[in-house]
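Here, each number is a calculation from the coordinates, and none is a lab measurement. Please read all numbers here as calculations on a predicted model, not as lab measurements. Heads up, the Cβs are rebuilt from the backbone with ideal geometry, glycines too, and the neighbour counts pull from every protein chain shown.
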Amino acid sequence: MRWLRRIVFWLIILDLAATALFWGVSRFMDQSRALTGGTGVVFYTDNNKDAAARIAKAVNLLKAGKLDRLYMVGGHRPQEGWLGSQEMALIAARGSGLGGRISADVESRDTISGLKNLARNAKTKAPGEIVFVSNCMQVIRAKVIYNAQPDHQPSVMGACPPGDLNPLDIWRRAHYEAGAWVLYAMPAGWRDAVLDRLRGADAPTE
């Protein structure tokens, strides 16, 4: 069984090395210092700590004049009657006093649907330069998905809240992203079936 232990050992080493490389590359997604305006697109997350960090980052950029407005996406949970993006928008409005410059997409339930809606409605919902505000690892995926949409804006920037340096949290996030990439690669019908199971589906209209 020594060969099996060696295989497991090297699989663990490769996994950790890939995680470290992914995390390191993702650090380049934060372009906060170069921002000069536009719309900050803030992605919903079920993790309260991450959500608070994203909202704080976006609000700080808004107050500093580095963003002109905020647009929250994701978090539509039909089975729970929950609109995560709207809740984040309300928190940001209360915390900043700039509610007139903060809005939400209340239809998207995941990154993919949020970006499809954004590409379709960017001229009215997110005018100017688009800036994705999220975990740096997600920003990489969001840029790829958004650039694959037929009506996407020519360029997108990224802004990331201060990252959690806990190695276990980094490993978890990297593997969450790996799963999200697999989901994105699935045929649309399979992907929708998985999301219906995980996050619920709107009741069919008669």
- In nm, the gap between the two label points placed 7 Å beyond Cα toward Cβ at Lys63 and Leu21 is 4.0
- Query: Calculated FRET efficiency, Ala56 and Ser155, Cβ-Cβ r, R0 22 Å, to nearest 0.05?
  - Reply: 0.30
- Task: Cross-chain or 8 or more residues apart, Cα under 26 Å: how many lysine pairs in region 25-164 fit that? Count them up, please.
- Result: 20
- How large is the charge dipole for the chain, taken about the Cα centre, if only the Cβ atoms of Lys, Arg (+1) and Asp, Glu (-1) carry charge, to the nearest 20 debye? 580
- Task: Quick one: among Arg172, Arg109, Arg101, which has the greatest mean-square fluctuation in a GNM of the chain with alpha-carbon springs under 10 angstrom?
- Result: Arg172
- Packing-ranked peptide list from 61-70, 78-87, 8-17, highest mean Cβ count within 10 angstrom first, is 61-70, 78-87, 8-17
- Charge sum, other residues only, whose C-beta stays under 10 Å from Val42's C-beta, Lys/Arg counted +1 and Asp/Glu -1: +2
